[in-house]
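J.: The structure follows.
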Amino acid sequence: MRQLIALVLFVGLISPPVFHFAAADEASQSTTPLSPQNIERSLERDSPIDAEEIAAASSWATSSGVVDWLGPLAPVALSPFFGVMCLSGLALWGPEWATDNAVLGVAGPLRHEWLFFIFAGLTLLTSLPRLTKVSKPFAQAVDRLETYAVIVILLSIKFVMSMEASENAVDGPTQIAMVHFGIVSMSIDTLLAIAMVINVLVINSVKFFFEFLVWLTPVPFLDAIFEVCNKSLCAALMAVYAYSPTLATGINLMLLLAAALMLRWIGRYVRFYRTMAIDPILATLWSGFGTPRKPELIVFPRSEFGPFKAKSRLRLAGHVDGGWKLSEANWWMPAKDFAITKDLKPIVGNGWAVNSITIVDENGNESTLLFSRRYSRAKLSTLLQELGLDQAEADEAAQQTIKAEFA
């Protein structure tokens, strides 16, 4: 089923990609689009790429300002408020050779001093709590909010600059660069905005994961060192952008590729850590969250278990044959199922931060499923009964958790 969905998306949205320019007047629409047929005809000629095509590509790259917008995304993703502050500082006080691009050279919001000082204050407000382990959870709690806020601000700046550029155009109708992906068509500005959002979110998610691991490491000054290194790297990448937006775009794409390769693995671990840390807090603040609605548990395998990767988010529920069933706890893709026979009785253990379910198969191999301290012991006992354990076994399991916790 997953392969079918991927095939439909590939055929309908991606294959075959067709790029062309669509001008506002009829004359510009006569430009030959870039298509698989035209590429084949070009390859059959003595000169695969002629001067007209090179000029068209150069004109598009210059007018669209793609590298000018993609270049600063890596430093902005590493430190959103600090990155925008650096952009505003470059636009206000940077040398003329550094501000000659589509982002810094336009008289837009980045050239207002109030924007620079606002983001300087926000940088201090969000960076100082990251220096210590005691205050860092506050900064991490608003990290995603900071990222979304900067994405909205960057898109707003892009929109304002595009509107000002269209109002100041005096050389006839404006040429609109269009991109066609199969049945989907959109302007280059829309595609660039989508790329900006994905770029920032992917790199920022990877940075958040390593920042969280640093916070878990019991070294007092490691958080401050990580924050200083993060800000230094952000400033260095912004300096590279000021020197050459094209070089900065290349670095950004390499970082994006590396982050994308790690994203799925990191996403599982980030979801696991957030669940273990946030579930007990939500259960304390909201009693309904701490009450089971269905006879099921959200669990995470400590290592690979059946068809599931380590730290995958799974749903443990009772099976019709008296055993248990594990399935992926997602709503956007068909779920995998894995049956646990009834002769393998799980052993429930309770820790200070994470609960566990240990399963030993007939070969003596031990597997551990972890779940959060979302439910109290009494509610956990009731839930274990609903999952297929009788009352005596459920009570015994609850008593074992108390002994393990206060041993």
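J.: In this structure, is Val228 in a helix (DSSP H, G or I) and more than 27 Å from Lys136 (Cβ to Cβ)? Before the answer, list the steps.
T.: Numbers: in a helix (DSSP H, G or I): yes; more than 27 Å from Lys136 (Cβ to Cβ): no.
When the stated conditions are applied, Val228 does not pass them.
J.: Find the residue count for region 300-318, including only residues that are out of contact with any Gly (no Cβ under 8 Å at 6 or more places or on another chain) and either not assigned by TED's automatic domain parsing to the domain that holds Val354 or not hydrophobic (A, V, I, L, M, F, W, C) (or both).
T.: Of the residues in region 300-318, 11 are out of contact with any Gly (no Cβ under 8 Å at 6 or more places or on another chain) and either not assigned by TED's automatic domain parsing to the domain that holds Val354 or not hydrophobic (A, V, I, L, M, F, W, C) (or both).
J.: Can you find even one residue in region 125-137 that is buried (at least 18 other Cβ atoms within 10 Å of the Cβ), touching a Lys or Arg at 6+ places or on another chain (Cβ under 9 Å) and among the β-branched types (Val, Ile, Thr)?
T.: Scanning region 125-137 turns up no residue that is buried (at least 18 other Cβ atoms within 10 Å of the Cβ), touching a Lys or Arg at 6+ places or on another chain (Cβ under 9 Å) and among the β-branched types (Val, Ile, Thr).
Residue-wise test of (1) touching a residue at least 24 places away in the same chain (Cβ under 8 Å); (2) within 30 Å of Leu387 (Cβ to Cβ); (3) more than 20 Å from the chain's Cα centre (by Cα).
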site: Asn199; (1), (2), (3): yes, no, no
site: Ile203; (1), (2), (3): yes, no, no
site: Ala239; (1), (2), (3): no, no, yes
site: Ala248; (1), (2), (3): yes, no, yes
site: Thr284; (1), (2), (3): no, yes, yes
site: Gly288; (1), (2), (3): no, yes, yes
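J.: Would you confirm, using the coordinates I've provided, whether Glu304 is at pLDDT 75 or above, surrounded by fewer than 17 Cβ atoms within 10 Å (Cβ to Cβ) and within 27 Å of the chain's Cα centre (by Cα)?
T.: yes
J.: Ok, one more. Take Ile266 and tell me if it is β-branched (Val, Ile, Thr) and free of Cβ contacts under 8 Å to residues at least 60 places away in the same chain.
T.: no
J.: Residues of region 68-107 being of a type in the set (Ser, Thr, Tyr), part of a loop (DSSP other than H, G, I, E, B) and surrounded by 19 or more Cβ atoms within 10 Å (Cβ to Cβ), which ones?
T.: Across region 68-107, the qualifying residue is only Ser79.
J.: Could you list all residues from region 304-313 that are of a type outside the set (D, E, K, R) and either without any contact (Cβ under 8 Å) to a residue 40 or more places away in the chain or out of contact with any Lys or Arg (no Cβ under 9 Å at 6 or more places or on another chain) (or both)? Let's see the steps before the verdict.
T.: Going through region 304-313, the residues of a type outside the set (D, E, K, R) turn out to be 305-308, 310, 312.
If the condition is that a residue be of a type outside the set (D, E, K, R) and either without any contact (Cβ under 8 Å) to a residue 40 or more places away in the chain or out of contact with any Lys or Arg (no Cβ under 9 Å at 6 or more places or on another chain) (or both), then Phe305, Gly306, Pro307, Phe308 are the ones that fit.
The values are calculated or read from the model by the stated rules, or taken from the named source; none is laboratory data. Nothing here was measured: the structure is a model prediction, and the numbers come from that model. No Cβ is skipped: glycine too gets one built from the backbone with ideal geometry, and neighbour counts run over all protein chains shown.
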